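A short write-up of the structure that comes next.
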Amino acid sequence: DQAILAASAKHPVVPLEKGRFYTYGTAGFRMKADLLDGITFRVGLLASLRSRKQNSRAIGVMVTASHNPAADNGVKIVDPLGDMLEQEWEHYATALVNAPSDEKLVEVYNRLAVDLKIDLKAPAKVVYGRDTRPSGHTLVAALADALDATNTEAVDFKILTTPQLHYLVRATNSEGTPLAYGTPSETGYYEKLAEAFGRAMRGRKINGPLVVDCANGVGGPKLQEFLKYIPKEKYNLDVTVVNDDVLRPEILNLECGADFVKTRQRAPPNPKPQPGVRSCSLDGDADRLIYYWVDPDSGFVMLDGDRISSLAASFIGDLVETAGLRDELRIGVVQTAYANGASTTYITQHLKLPVICTPTGVKHLHHVAQGYDIGVYFEANGHGTVLFSPDALQAFRKTQPQSPAQKEALDTLAALADLINQTVGDAISDMLMVEVILAHKKWTLRDWAMTYTDLPNRLVRVEVGNKDLFETTDAERRLLRPEGAQEEIDQAVKKYKDARAFARASGTENACRVYAEAATRSEANELAERVARIIE
Ligand code: 16G
Ligand code: ZN
């Protein structure tokens with residue numbers, strides 16, 4: 001107790017106005033970096049408790065604010081298998097962070113230990129990393145103080161992408177077991193990806209150069225590093241990394257990156273887009289990916305998370321068929337309410353695969369995807385991955401092929417399962433997956449874009465007095481509260497052809513978001529404006 005008290009005194013939490021609390025949201029704690037020192041310290045206390053509760057397995061802590069501006073930062077916890085912190089524990093995080101004094105903090109900490117039957121003498125281990133934000137440096141020092149005060153073994157992996165940290169947590173915990181996920185080092189991550197990429201390509205060549213915009217975030221140096229592990233000529237891999245300046249923090253996510261491209265529906269202005277060149281953007285911590293190109297005739301064309309999802313589902317579905325496993329393995333595609341209706345129709349009617357809709361936030365999609373042998377999940381914003389169950393991995397390895405085609409399908413599936421990050425969406429790994437699929441199909445980005453036509457859509461952010469008054473149901477597609485609002489939205493939607501709209505409270509900002517889709521661009525805009533006025 002004394003050690004925690006003394007350390008906590010060095011990392012005070014900035015009090016909020018009366019009646020307001022810090023909450024562990026969809027992305028952990030995220031806000032202006034200068035508010036985060038005490039919060040990060042307390043997250044360290046929780047991570048040590050979590051490790052002790054989880055039989056001393058390693059827990060991860062990542063310091064990042066993803067696509068937010070440079071002045072922000074954030075901190076979140078990663079569970080032993082590399083997935084997000086169990087939801088029940090988010091409340092404990094909130095309780096620790098909002099304790100009003102150092103003494104109360106120790107009280108909450110000890111009460112959690114008693115209530116959760118945690119042996120505070122058991123060993124604990126926490127592995128951590130941070131993105132390139134300058135504030136990350138002092139925040140991990142606060143974290144380290146908490147780990148020190150609680151006698152927790154700490155492994156500092158320094159600067160990483162978010163998905164690399166998730167990988168390292170799982171690799172650390174599975175080392176030396178039959179389920180070993182990979183060598184628990186940054187090099188181990190690159191080696192695993194490079195080896196699996198080679199196996200998945202199976203002698204194919206990539207169809208044209210690719211420009212990768214790294215949002216001036218951690219993805220830049222990490223992608224450069226990864227490329228050293230790939231024999232480029234062998235695969236015709238011609239990647240130009242742009243917006244990879246991490247030495248000028250103020251330009252992080254500024255007019256570039258996956259979030260900019262998705263929300264503004266245009267290419268980053270710098271470097272000047274070259275017509276026809278295949279391009280993609282990562283976000284500031286390299287867990288989101290959006291593809292696009294500027295067409296000399298039709299202008300900017302974007303291939304977002306829904307496109308990546310349907311591309312992966314179509315390719316993997318075909319492989320499973322050729323591998324003779326269609327009756328054995330259940331494939332499911334998980335989306336959120338933001339998924340373009342045309343993608344949902346394509347997946348259900350053309351690919352004949354089930355689509356499940358969940359609330360926004362990776363943890364929800366990940367959880368549902370785990371219920372399938374092959375669970376494909378992507379948010380429209382480009383965050384997602386494909387999960388393979390132990391049964392699926394077993395089937396890829398153990399099935400006796402009756403033909404060369406069947407053998408090729410089984411081997412490609414096994415390679416994909418190694419290439420695709422199984423812990424969380426990973427822009428670098430997802431990009432390699434997309435390149436493998438396009439190489440197999442011999443597709444250009446235009447071929448990919450031709451699979452279906454997006455319904456025109458519009459997303460607006462609406463300032464509201466108190467976003468907590470907005471309560472949703474049906475995977476955020478309908479409002480329960482404020483009373484009467486949903487009826488008004490229904491009336492508005494009825495006025496348009498092929499229309500759909502919903503409003504929900506943001507999980508990361510004090511605002512509501514409205515999404516509308518309709519047969520034409522002007523109708524989608526009009527409907528979004530109407531719904532915005534209803535909830536204002
Ligand atoms: C967070 C989520 C992201 C989600 C976004 C929605 C994770 C790792 N990140 O960034 O998946 O799309 O929040 O933000 O879960 P919103 O609630 O403000 O619309
Ligand atoms: Zn991110």
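The values are calculated or read from the model by the stated rules, or taken from the named source; none is laboratory data. Everything numeric here is computed off the predicted structure, so don't read it as measured data. Counting neighbours? That spans all protein chains shown, and the Cβs are built from the backbone with ideal geometry, glycine included. These area figures cover heavy atoms from the full protein model, side chains too; ligands, DNA and RNA do not enter into them. Shrake-Rupley method; radii C 1.70, N 1.55, O 1.52, S 1.80 Å.
Report yes if M431 is touching a strand residue (DSSP E or B) at 6+ places or on another chain (Cβ under 8 Å), at pLDDT 95 or above and within 28 Å of D238 (Cβ to Cβ), otherwise no. For M431, the condition - touching a strand residue (DSSP E or B) at 6+ places or on another chain (Cβ under 8 Å), at pLDDT 95 or above and within 28 Å of D238 (Cβ to Cβ) - is met.
Out of L5, L36, L16, one residue alone is hydrophobic (A, V, I, L, M, F, W, C) and without any contact (Cβ under 8 Å) to a residue 24 or more places away in the chain. It is L16. So, in the stretch 285-317, of the ones that are within 14 Å of ligand 1 (Cβ to nearest atom) and assigned to a strand (DSSP E or B), which residue ends up nearest to T444 (Cα to Cα)? Checking each candidate, the answer is I290. D327 meets the conditions (1) more than 11 Å from ligand 1 (Cβ to nearest atom); (2) crowded, with 18+ Cβ neighbours inside 10 Å; (3) outside any strand (DSSP E or B) in every case but one. The failed one is (2).
If you go through the stretch 278-292 one residue at a time, do you hit one that is over 30 Å from L165 (Cβ atoms) and more than 19 Å from the chain's Cα centre (by Cα)? No, the conditions are met nowhere in the stretch 278-292. For the stretch 116-124, the criterion of being more than 30 Å from V14 (Cα to Cα) and either at pLDDT below 95 or polar (S, T, N, Q) (or both) is met by no residue. Of everything listed in (1) in contact with a Lys or Arg (Cβ under 6 Å, 6 or more places away or on another chain); (2) away from ligand 1 (no atom under 16 Å from the Cβ), the single unmet condition for N73 is (2). Here the condition is being in contact with a helix residue (DSSP H, G or I) (Cβ under 6 Å, 6 or more places away or on another chain) and farther than 30 Å from S281 by Cβ; of L432, L410, it holds for L410 alone. If you go through the stretch 260-298 and keep only what is among the small types (G, A, S) and within 16 Å of ligand 2 (Cβ to nearest atom), you end up with S281, G284, A286. When you check E233 against the structure, is it of a type outside the set (V, I, T), without any contact (Cβ under 8 Å) to a residue 40 or more places away in the chain and not assigned by TED's automatic domain parsing to the domain that holds G129, yes or no? Answer is yes for this residue. Mind listing whichever residues of the stretch 378-434 are within 16 Å of ligand 2 (Cβ to nearest atom) and within 16 Å of S310 (Cα to Cα)? If the condition is that a residue be within 16 Å of ligand 2 (Cβ to nearest atom) and within 16 Å of S310 (Cα to Cα), then F378, E379, A380, N381, G382, H383, G384, T385, G425, D430, M431 are the ones that fit. I'm checking my understanding of the structure. Among residues of the stretch 335-358 that are of a type in the set (A, V, I, L, M) and in a helix (DSSP H, G or I), which one is surrounded by the most Cβ atoms within 10 Å (Cβ to Cβ)? Here the answer is I347.
The set of residues in the stretch 450-471 being open to solvent by 100 Å² or more (accessible area, probe 1.4 Å) and part of a helix (DSSP H, G or I) consists of D468, L469.
Residue count for the stretch 258-276, restricted to those that are touching a helix residue (DSSP H, G or I) at 6+ places or on another chain (Cβ under 9 Å), small (G, A, S) and in a loop (DSSP other than H, G, I, E, B): 1.
Yes/no per residue for (1) of a type in the set (G, A, S); (2) in contact with a Phe, Trp or Tyr (Cβ under 8 Å, 6 or more places away or on another chain):
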| residue | (1), (2) |
| --- | --- |
| A196 | yes, no |
| A200 | yes, no |
| I206 | no, yes |
| V212 | no, no |
| A215 | yes, yes |
| P221 | no, no |
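Where helices (runs of 4 or more DSSP H) sit wholly within the stretch 180-242, those with at least 2 residues that are surrounded by 16 or more Cβ atoms within 10 Å (Cβ to Cβ) occupy 186-201, 219-227. For the stretch 289-304, the set of residues classified as more than 17 Å from G384 (Cα to Cα) and surrounded by fewer than 23 Cβ atoms within 10 Å (Cβ to Cβ) consists of V294, D295, P296, D297, S298, G299, F300, V301, listed by residue number. Apart from one condition, R446 fits all of (1) modelled with pLDDT of 95 or more; (2) farther than 30 Å from E195 by Cα; (3) among the charged types (D, E, K, R); the exception is (2). Within the stretch 373-384, which residues are more than 10 Å from ligand 1 (Cβ to nearest atom), buried (at least 23 other Cβ atoms within 10 Å of the Cβ) and of a type outside the set (A, V, I, L, M, F, W, C)? Matches in the stretch 373-384: G375, Y377. Any residue at all in the stretch 276-284 that's farther than 21 Å from R446 by Cα and either open to solvent by 10 Å² or more (accessible area, probe 1.4 Å) or within 13 Å of ligand 1 (Cβ to nearest atom) (or both)? The answer is yes, given that some residue of the stretch 276-284 is farther than 21 Å from R446 by Cα and either open to solvent by 10 Å² or more (accessible area, probe 1.4 Å) or within 13 Å of ligand 1 (Cβ to nearest atom) (or both). Return yes or no: is T138 open to solvent by 40 Å² or more (accessible area, probe 1.4 Å) and in contact (Cβ under 8 Å) with a residue 60 or more places away in the chain? Criteria met by T138.
With the condition kept exactly as written, say whether any residue in the stretch 66-84 is hydrophobic (A, V, I, L, M, F, W, C), within 15 Å of ligand 2 (Cβ to nearest atom) and touching a Pro at 6+ places or on another chain (Cβ under 6 Å). Yes, because at least one residue in the stretch 66-84 is hydrophobic (A, V, I, L, M, F, W, C), within 15 Å of ligand 2 (Cβ to nearest atom) and touching a Pro at 6+ places or on another chain (Cβ under 6 Å).
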